[in-house]
Amino acid sequence: MSVMFSSSPPAAAEPGASEALIAFLDLASAIDAVRSAKACGFEMLRMQAGEHLLDIGCGPGTDALALAKQAALLGGRVTGVDLNPAMIAAANRRAAGLRLPLVFLQADIHALPFGDAHFDAVRIDRVLHFLSDPRKALMEAMRVTVPGGRIVVTEPDWSTLEVSGGLSDLTATVLRAGISRDGAACIGARLDRLLMECGLQLMAHRQTQLSLGDFRSAVVLFGLEGVARTAVQAGALGPRDAARWLRSLQQAGERDELNVTLKGAIASGLRLAG
């Protein structure tokens, strides 16, 4: 679940999909701009001594492990949950032998297996934009957060996706037809409002931006093949033009002229009493 930059991650049922998704998440975590955004989100959690943190959509556990190392110094603990059992298996393998205050569980954000007011802080990193009802999911996260606890959410705004360096006429066509500008796809643009509508007191907000010039990384992290495929399915262009567009981006990357950018937001909210 914890995916930010791909518009069409591998479906769990596809052969090798879980391995591909783990590789995708590892690639994203190695990029400086992503690491910077994660560090900002960690700071916004305002971790305190003895607290119990929940990482929703923990994937293979990279961020939960980092949080657990911080929590260990403060006498706290971390729980990571993900819907995909392959992610939980990978996370447990990575945590094995580290003796960290950390546990991983398979769970659905819509029905978390915890009692009310169970966690002092909750982190939701690039999960809500995949859901049909982000508000319902956020309300469930609030349910398991103590009054006075913090919730930190990171999400993209797909309407901001920009691509330069390839065939500009095809780029305009592909982005117009291949990117959703409705609903959860643009949740990063209304993250503050969503938190406040759910009853959270807004505490902090940061803009995020990821820009890539490497073609292979951009194809993977921004799901450009999936964007082109969606545009073809919408009838905006044919498969040959879609392939020609992708080739033009590859060639632009070889000339160091490619730039693909996506913006988003990180917002933190305080759960009020009552």
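Please compute the length gained on full extension between Ala172 and His110, using 0.36 nm multiplied by the number of residues separating them and subtracting their Cα-Cα distance.
In short, 18.7 nm is gained.
For each of Ile22, Ile124, count neighbouring Cβ atoms within 10 Å of the residue's Cβ, then give the residues from fewest to most.
Ile22, Ile124
If R₀ is 25 angstrom, what is the calculated FRET efficiency for the pair Met196 and Asp26, using the beta carbon separation as r and rounding to 0.05?
Calculated transfer efficiency: 0.15.
In whole Å, what is the distance between the alpha-carbon centres of the range 166-202 and the range 221-274?
12 Å
For Arg247 paired with Ser132, estimate the spin-label separation in nm (one decimal), with each label point 7 Å from Cα along the Cα-to-Cβ line.
4.0 nm
Given the Cα atoms of the chain, and with Rh set as the inverse mean 1/r over their pairs in the Kirkwood sense, what is Rg to Rh to two decimals?
Ratio of gyration radius to Kirkwood radius for the chain: 0.99.
Compute a Gaussian network model of the chain, connecting alpha carbons closer than 10 Å, and tell me which residue from Phe114, Phe130, Phe24 fluctuates the most.
The residue with the greatest mean-square fluctuation here is Phe114.
Tally Lys/Arg at +1 and Asp/Glu at -1 over every other residue whose Cβ is under 13 Å from the Cβ of Ala91; what's the total?
-2
What spacing in nm lies between the two simple spin-label points modelled at Leu272 and Ala89, each 7 Å away from Cα in the Cβ direction?
4.6 nm
Quick one: dipole size for the range 152-270, taken about the Cα centre, charges +1 on Lys/Arg Cβ and -1 on Asp/Glu Cβ, in debye to the nearest 20.
Dipole size: approximately 160 debye.
Tell me the angle of helix 32-45 to the major Cα principal axis of the chain, expressed in degrees between 0 and 90 and rounded to the nearest ten.
Compared with the principal axis, the helix lies near 30 degrees.
Which one, Ala243, Leu128, Ala66, projects farthest toward the positive side of the charge dipole computed for the chain from Cβ point charges (K/R +1, D/E -1)?
Positive-most Cα among the choices belongs to Ala66.
Read-outs throughout are calculated quantities, based only on the coordinates presented, and are distinct from any laboratory measurement. For clarity, every value in this text was computed on a predicted model and none was experimentally measured. In this analysis, Cβ positions are derived from the backbone assuming ideal geometry, glycine residues included, and neighbour counts consider all displayed protein chains.
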